[in-house]
Amino acid sequence: MKLLVATVFTSLAFNASTAQEMTYGQAEYLNSCAVCHGLDGKGDGPLGDELVKRPADLTRLSKNNGGQFPYWRVFAMIDGRTMVPEHGERDMPVWGRQFLPDDVKNYGPNAGEIVTTERIHNLAGYVQTLQR
Ligand code: HEC
């Protein structure tokens, strides 16, 4: 299983990264998140103007949480599958649901879920590096 997962991530990284020095998280962020949250996470991406709610400034999550990065909250927010909407629809896509069908198609139901979870971890880890 370990070997399978390692293989899966190698091929994932190969697909996702455009520049080789990029981490998976950064490549995925630029692909999926920057359009709303902006290249450096300040919430100023081009699609933001079209939304009812402004995309969050992702550079201040630690600052707004007493200096501690709220990792699990960020993870759950990105995944979205466990979140109960407070005020109807959310503007942010439910990434757990977006990633899963392709990952299941490519890697099967069990490994697919693992890959989806790992992609969300990579994203949460990358968002952590954006803190200032
Ligand atoms: C279509 C625009 C859009 C895209 C694409 C998008 N987001 Fe968001 N995001 C939002 C909006 C709007 C909010 C504000 C909260 C809401 O929707 O209720 C938000 C909120 C968040 C939050 C919560 C911040 C907080 O204050 O706790 C995180 C974390 C986040 N986004 C990360 C991401 C990541 C990582 C990606 C890429 C996988 C992403 N977002 C892609 C629009 C977007």
### Message
For ASP44, project a label point 7 Å along Cα to C-beta. Then give me every residue of region 117-132 with its amide nitrogen under 17 Å of that point.
### Response
130-132
### Message
Please compute the modelled spin-label separation between VAL84 and ARG54, points set 7 Å along Cα→Cβ, answer in nm with one decimal.
### Response
2.9
### Query
What is the spin-label model distance, in nm, from VAL94 to GLU113 if the labels are put 7 Å beyond Cα along the C-beta direction?
1.6
### Task
For an R0 of 41 angstrom, estimate the FRET efficiency from the Cβ-Cβ distance between GLU21 and GLN68 and round to the nearest 0.05.
0.90
### Task
Please report GLU50, GLU28, GLU113 as a ranked list, fewest other C-beta atoms within 10 angstrom at the top and most at the bottom.
GLU50, GLU113, GLU28
### Query
Which residues does a label at GLN128 reach in region 43-80, if reach means a backbone N under 17 Å from a point 7 Å past the Cα toward the Cβ?
58-79
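All of the numbers you see were taken from the coordinates with simple rules; none came from a lab. Just so it is clear, the structure is predicted and the values come from calculations on it, not from any experiment. Glycine also receives a Cβ, built like all others from the backbone with ideal geometry; neighbour counts cover every protein chain displayed.
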